[in-house]
Each structure stands twice: as C-alpha cells, then as structure tokens.
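The values are calculated or read from the model by the stated rules, or taken from the named source; none is laboratory data. Given the structure is predicted, the values throughout are model-derived calculations rather than measurements. Virtual Cβ from ideal backbone geometry, glycine too; neighbours counted across all protein chains shown.
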Amino acid sequence: MGIAQTGASADPGPAGVHVLVPHGRKTTSTRFVVIGRTTESVAEADAWEIWKRSGLPPAAWNVKVFDRDGTYVTKPDAWCDEVAFAWEIDSVTYHGEGDHFLKTLTRNARHAAAGIGFLQTPPSRLRTEPEAVLKELRAAYTAAAARPRPPGVTTFGG
C-alpha cells in the first residue's frame, strides 16, 4: 500500500503502524495506516493494539454500515461483521457536548434500531485501563455473538 498524501512521510511505528506526519510539524489530523486500513485518531491506533490482543476475529476499521434498506447506520471505529458488532472510541471532548453529544445519541439509537451490538470506550481508558477495556471488549463481543445476527446489516449498500 502506498502513501498518497502530499508532503507527508511514513515513519514506522510500533507493531507495523505507520504514522503519517506532514513534513516539519505535527498535526491533529495525522492519520495512521494499520494493515492497509486508516484509523482516524491516535486513540483508534491504541484501540487497534487492544483489539489485536483480544483474540477476537479481525475487525474492519472505519467502514460504513447500512441497514437492510441500504440506509446508512454508522461508521464505527471497529466493526466485526460476523456478529454485527461495533466498537466506538468516544471522547468526552468531542462526543460529550452540544451538537456532537446529540449526534452521538442519535448514532447510538441507530445502532440499537438496527440490532447492532456495540461498546463505547473513552480513549483515556485505552491507556489507563487496558486490561479492563480488553475484558469489556471480549464480553461485549461475546454478547453480540450470543444473539442472532440482525438480518440485512451490511457494509455494502447506500
């Protein structure tokens, strides 16, 4: 996979993670390439490290999910299609106030309406409580796997 970002360099990071950094400065829009996928934040890269340790099936990162009618449902940070499970890394700073808070609640309602199992984790816990997050992640996935997969939920559509 090549890097198609003008003025950026790829610096190998831990465990094959490549950090795209614009020449000469750091930025909050830095993106991480993780095994051919792009995460949209440092927190997602941390989440990916936890997912790798989980023993769960591989997840797709930042893919759009649609319901049986082809209507957009969500674009979770991590998606496990086999059981229709979404993992969201939601910071209080972004998701906790104003319009972003309302959009997060609306997204969660769409998850529930479509029958998607999901877990929300604040990014701070990925580093301060990784073992507790790992336990919650496994438990949430197990709960999603224990119920029938909702029909029609797919990453193809729209």
Can you pull out every residue in the range 99-158 that is assigned to a helix (DSSP H, G or I) and in contact with a His (Cβ under 7 Å, 6 or more places away or on another chain)?
Phe101, Thr104
Matching residues in the range 63-88 - criterion: being exposed (fewer than 15 other Cβ atoms within 10 Å of the Cβ) and either more than 15 Å from Arg110 (Cβ to Cβ) or of a type in the set (D, E, K, R) (or both)
Arg68, Asp69, Glu82
Within the range 86-101, the residues that are among the β-branched types (Val, Ile, Thr) and modelled with pLDDT of 80 or more are Ile89
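Tell me which residues, restricted to the range 126-149, are without any contact (Cβ under 8 Å) to a residue 24 or more places away in the chain and either loosely packed, with under 13 Cβ neighbours inside 10 Å or within 12 Å of Gly55 (Cα to Cα) (or both).
Hits for the range 126-149 are Thr128, Glu131, Ala132, Lys135, Ala139, Thr142, Ala146, Pro148.
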Cβ-Cβ below 7 Å, separation at least six or inter-chain, first residue in the range 80-104 and under 26 Å from Gly152 (Cβ atoms), second at pLDDT below 70: which pairs?
Thr104/His95
